[in-house]
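The values are calculated or read from the model by the stated rules, or taken from the named source; none is laboratory data. The shown structure was predicted, so the numbers you read here are calculated from the model rather than taken from an experiment. Note that we place each Cβ from the backbone using ideal geometry, even for glycine, and neighbour counts take in every protein chain shown. Quick note on the areas: whole protein, heavy atoms, side chains included, nothing else; ligands and nucleic acids left out. Shrake-Rupley method; radii C 1.70, N 1.55, O 1.52, S 1.80 Å.
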Amino acid sequence: MGRDVLRIEDLVVHYETMAGPVKAVNHVSFSIGEGEIFGLAGESGCGKTTIALSIMKLLPYNGKILSGRILLGDVDVVLLTEEEMMEVRWKKVSMVFQGAMNALNPVLRVGDQIAEVLVEKEGWSKERALERAKELFSLVGIDPSRVYDYPHEFSGGMRQRAIIAMALVLNPQLVIADEPVTALDVVVQSKILDLLKRLRDELGISVMMITHDLSVIAETSDRVGIMYAGRLVEHARAEDLFGEPAHPYTKALINAFPSIVGERKRFEAIRGDPPNLLNPPPGCPFHPRCPYAMDVCREKVPKLVKVGEEHEAACFLIGGA
Ligand code: SF4
């Protein structure tokens, strides 16, 4: 991979609530290289989307970045004002939001909704902007003549392709895709994932793929980060993570997904529930659910330690006590 397009360093994000701070992201660091697809996985509520919204500086009013850096190239977006962020958002980094395919305005033609971005942000004429919308439709596999259709005339897969086209309209270097295929049937899912890989290959963009579904990561990602309770507990190249997972949570996640290859085995749900981040357990946050928990796990937070080349995990079974 080329130079880093995104580097997150020691990021801490909390949500202020009446009951106290929800510790959504705790000292998370990782990077994404040029032309790389980086998968960020974990159960719902583990902090994946909060990281994405922090990169976009679109956290809700009670979300606060307490410390850390988010470098897009050389620019630390944490330090940018909202006005400065307008030059970064959609131009350097864009996002396909969770459930966004249902967010198209039903009373506007799909092409007009894409063209509007260029008219409003770049001052293009409506005609030129619509030509660009047609180009983008071709790129994502929709007949360009469909720019004149309304959202209800599109299938779910076409709406998701149109949303991806919208994310590409200002040529960003990084696209964050938050659960981009969750609401789609498996055949359409596969086509959308193939599209994202093709766009990476043809445009050289980087993709941050956020999902709870490890099969999506296995199908698309070059490298993977596994989040648990607001912490990055393991990261590795995809083949290493699936071939030799090191963290008990990663192993449990992989065992919880059925496989159509290899020997037949019973897949197991992860016992217990993810912790409440208002009041996370002391020590390793996974210890109440971990079959290997030791005394030290209840007292100290394990640090990421090297497991192999480009492979780190945070577990006392590996080291770092
Ligand atoms: Fe389990 Fe302890 Fe490792 Fe946490 S540090 S995953 S509780 S063995």
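Sorting the segments 228-239, 12-23, 308-319 by their residues' average number of neighbouring beta-carbon atoms within 10 angstrom, most packed first, yields 228-239, 308-319, 12-23. Of the residues Lys191, Lys48, ranked by 1.4 Å probe accessible area with the largest first, the sequence reads Lys191, Lys48. Projecting the Cα atoms of Ala115, Leu130, Gly47 onto the charge dipole of the chain (Cβ charges, centred on the Cα centre) puts Gly47 farthest toward the positive pole. Here's the picture: charge each Lys and Arg Cβ at +1 and each Asp and Glu Cβ at -1 in the chain, and of Ala218, Ala165, Ile192 the one pushed furthest to the positive end of that dipole is Ala218. Net charge of the neighbourhood of Asp201, taken over other residues with C-beta under 15 Å away and scored Lys/Arg +1, Asp/Glu -1, is -3. For Tyr228, the residues whose amide H sits under 5 Å from its own are Val233, ignoring neighbours fewer than 5 places away on the same chain, with H placed 1.01 Å from N.
Length gained on full extension, Lys303 to Glu87: 74.2 nm, using 0.36 nm per residue less the C-alpha separation.
Across the cross-link table entries Lys64/Lys121; Lys48/Lys300; Lys48/Lys126; Lys57/Lys303; Lys57/Lys251, which are compared at the Cα atoms, the separations over 30 Å belong to Lys48/Lys126; Lys57/Lys251. Thr81 exposes around 70 Å² of accessible area when a 1.4 Å probe is run over every protein chain in place.
For the chain, the relative contact order works out to 20 percent when only alpha carbon pairs closer than 8 Å and six or more residues apart are counted.
Taking all protein chains together and a 1.4 Å probe, the residues Asp273, Asp149 rank Asp273, Asp149 from largest to smallest accessible area. Calculated accessible area for segment 136-252 comes out at 35 Å² per residue, all protein chains present (probe 1.4 Å; ligands, DNA, RNA ignored). With the whole protein complex present, Tyr150 retains an accessible surface near 70 Å², based on a 1.4 Å probe. Applying the Kirkwood pairwise sum to the alpha-carbon positions of segment 33-84 produces a hydrodynamic radius of 12.6 angstrom. Both numbers refer to the Cα atoms of segment 1-112; Rg and Dmax are 15.4, 45 Å.
Tally up the carbon and sulfur contribution to the accessible surface of the chain as a whole percent, 1.4 Å probe, everything protein left in place. Percent of accessible area from carbon and sulfur atoms in the chain: 52.
For Val307, the residues whose amide H sits under 5 Å from its own are Glu312, Ala313, ignoring neighbours fewer than 5 places away on the same chain, with H placed 1.01 Å from N. For the Cα trace of segment 91-222, dividing Rg by the Kirkwood Rh returns an Rg/Rh value of 0.95.
According to the Kirkwood relation over distinct C-alpha pairs, the hydrodynamic radius of the chain is 20.7 Å. Each pair of Cα atoms in segment 178-321 enters the Kirkwood radius, and Stokes-Einstein at 25 °C and 0.890 mPa s then converts it into a translational diffusion coefficient of 147 µm²/s. Ordering Phe97, Phe38 by accessible surface, largest first, gives Phe97, Phe38; the 1.4 Å probe counts only protein heavy atoms, with every chain in place. Distances between placed amide hydrogens fall under 5 Å for Val207 paired with Glu36, Ile37, Phe38, Val175, all partners being 5 or more residues away or on another chain.
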